[in-house]
Amino acid sequence: MGLHWSAEAKELQLRSDQIDEQIKEDKIKSEKEIKLLLIGFNKSEKSTITKYMKLMQDDYSWEEELSLCQIAVYENLIHSVQAIVYAIKKFQLEPKKTINKNDLIISEVLAKKHHFYLMDSAPYFLDAVRRIELRNYVPNEDNILRSQIKKSVSEISINIGQYNILMLDVDKTLYQRKFLHYFEFVTSIVFCVALDEYDQDELEPTDEESSIIRINSL
């Protein structure tokens, strides 16, 4: 009986030592891991930050995002045209001819972009419309960086020296308590804002005020 308990005790002690060792390893790992959370509204370009960080990774492949980006480019272009048509009506402007990107009225509308919501990348996509409309169109790196791709959560892991940085870009619609697990063990929070919105009269047509309240509640 004594030998039986002695063997069992040794096994329990070995298991306890293994658990202690795992706890030590996890602690060392957690001390070297930085969880960075990016929050902000759509025009803050926080998603562009994660895209640039992905570009810094030599082994990162954009293949899995190309289809999403292609759809996003089409949507961004359509939304840009809709915003311009809205602005033409709002400011009671008269096109010189059938509306196209070469019409002088477009320049007049863009000059008033602080008085209505327009994507920053709108002029870029309007200039590239001939290439985008091609049947064999494939987004290039510049298209990916400038497009606004709707994803609930985008994350990337970056190794810098002995540290591992996990960067999370969380969509503003997730700033609710049921999505708190994305905010757990966060080391740093970066709130991104667009510098060109300081004099913006009309923001994106979403409930920004309620989003701010939800952020503060977290």
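How far is it, in nm, from the label point at residue 104 to the one at residue 29 when both lie 7 Å from their Cα along the line to the Cβ?
In this crude spin-label approximation the distance works out to 6.6 nm.
If amide hydrogens are placed 1.01 Å from N in the peptide plane, which non-local residues have theirs closer than 5 Å to the one on residue 165?
The answer is 34, 158, 159, 160.
Step through the table entries 90/113; 51/150; 90/150, compare each Cα-Cα distance with 19 Å, and write down the pairs that go over it.
90/150
What does the extension gain come out to for residue 21 and residue 192, with contour length at 0.36 nm per residue minus their alpha carbon separation?
Here the segment from residue 21 to residue 192 would lengthen by 57.6 nm.
Which cross-chain or sequence-distant (5 or more) residues have an amide H under 5 Å from the amide H of residue 91, H modelled 1.01 Å from N in plane?
Result for residue 91 returns nothing.
In terms of modelled amide H atoms, which long-range or inter-chain residues lie less than 5 Å from the amide H of residue 192?
Long-range HN contacts for residue 192: 39, 40.
Bear in mind these aren't lab numbers, they're just calculated from the coordinates by the rules spelled out. None of the values given here were measured: they were computed from a predicted structure. Glycine gets a Cβ as well: all are built from the backbone with ideal geometry, and neighbour counts include every protein chain shown.
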